[in-house]
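Presented below is the structure to which this report refers.
Each value in this text was obtained by applying a stated rule to the coordinates, not by laboratory testing. Values in this document were obtained by computation on a predicted structure and should not be read as measured data.
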Amino acid sequence: AHEERLARHSRMLLYTDGLTEARNASGEFIGQDRLAGWLEKTMKRPRSAQDLKEELAGEVRQFQGSSDVRDDQTFLIMA
């Protein structure tokens, strides 16, 4: 077994491919770059994992709009 300690105020985001493959009405994927950008922006303010979860879920919903969900969108945030 391997153990890793996160520095104070660190965040870790684990997710399935359904999250990065979420599409908007134009067919554009949310993608890893957009997720990484969102995670980087969150580093500027202390937030709980619960707050981050709700924020990311809202970001994905807003990005998708009324587009159909085609795959599971599972993620885990550690903060």
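Observations on the structure shown:
- Taking 0.36 nm per residue of separation and subtracting the current Cα-Cα distance, fully stretching the chain between ARG34 and SER48 would add 3.0 nm.
- Per residue, the average separation of C-alpha pairs within less than 8 Å and at least 6 apart gives the chain a relative contact order of 51 percent.
- GNM result for the chain, Cα springs below 10 Å: residue of GLU40, GLU21, GLU59 fluctuating most strongly: GLU40
- Potential extension, ALA7-ALA25 segment - 0.36 nm per residue separation minus Cα distance: 2.7 nm
- Between 0 and 90 degrees, the angle of helix 31-42 with respect to the longest Cα principal axis of the chain falls at about 50 degrees.
- Alpha-carbon radius of gyration plus Dmax, which is the widest Cα pair, for the chain in Å: 13.4, 44
- Taking the helices alone, the chain has a mean residue ellipticity at 222 nm of -12000 deg cm²/dmol, built from -39,500 (n - 2.57) per DSSP H run of at least 4 residues and averaged over all its residues.
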